[in-house]
Amino acid sequence: MQDRVAGRLDYSLEAAAQDVFATAFADDPEIVVPRPLAHTERALVTTWLESDSSLAQIITDGTQAERDRYGEAYVRFLFAGPSRAGMLHADPHPGNFRIMPDGRLGVVDFGAVARLPDGLPLAMGRLLRRAVDDDYDGVLEGLREEGFLKSKTDLDAETIARYIGPFVEPAQVERFAFSREWMRARDAAGQRSDGRRHGHCHEDQPPTAVPADPPGVDRRHRGAEPARCHGPVQGDSRRVATRVL
């Protein structure tokens, strides 16, 4: 844990990660990443982003069209990171995503990244495909095969489906509306199915490999107003699943 925290505060690591993203997304029509210019132990200097608003303002005051547009841009950036930069941007705070005058989405703060030099793990594609197809027996088998669940962990496919089903819902329809009601239902489902609350697992055994919050939602801001955007999640998710199979 100390190493992870230290890495989060290491500006040399952040500068290196940001430089890779800046190169990978150079001239991208939707995304702009400022390039690092210099850094010390206490500061990181990058090229300037001319922006006076962020996704926080879109979430609070944006039109439905703006929510849809920038919500989709964010998800596409998130999915593209592993294949184009070998990393996943892991700090979804709305303030890190700037609204540019030309309509692009500016991305800052690369102190927290997941390094995936080979792109998204193959297991993610296999598990996502099975979940989208409602094959939770296959999901349970895959979680055991990949070591996310210990062989003696007492979980069944129905419990897995209740727990991760809300995470998969957006990929099961052509377009999905991310609403406050959906967020609340997702949280309730996770609480009902958390093995630690219902005795499914021992203390040293994680209930599943699924995080407590869905992709793109930071636990620190889970109580904030959701983006309430609509987007073609199914197409992007299936392309990701297909690409990593």
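For the range 44-52, backbone phi angles converted through the Karplus equation (6.51, -1.76, 1.60; θ = phi - 60°) give residue-by-residue couplings of 10, 10, 10, 4, 7, 10, 7, 8, 10 Hz, Gly and Pro being listed as x.
Distant-in-sequence amide contacts of residue 155, defined by a placed amide H-H separation under 5 Å and a gap of 5 or more residues or a different chain, comprise nothing. From most to least packed by mean Cβ count within 10 Å, the peptides 95-101, 59-65 give 95-101, 59-65. Computed over the alpha carbons of the range 8-103, Rg followed by Dmax gives 13.8, 42 Å. Length available on full extension from residue 180 to residue 53: 0.36 nm per residue minus the Cα-Cα distance, which gives 43.5 nm.
For the range 149-157, the Karplus equation 6.51 cos²θ - 1.76 cosθ + 1.60, evaluated at θ = phi - 60°, returns couplings of 10, 6, 4, 8, 5, 8, 9, 10, 4 Hz by residue, with Gly and Pro reported as x. Relative contact order for the range 100-172: what percent, with Cα pairs under 8 Å and sequence separation of 6 or more? Relative CO of the range 100-172 lands at 27 percent.
Coordinate-derived values only; no laboratory data. This structure is a prediction, so every number in the text was calculated from the model and none was measured. Note: ideal-geometry Cβ built from the backbone for every residue, glycine included; neighbour counts use all protein chains shown.
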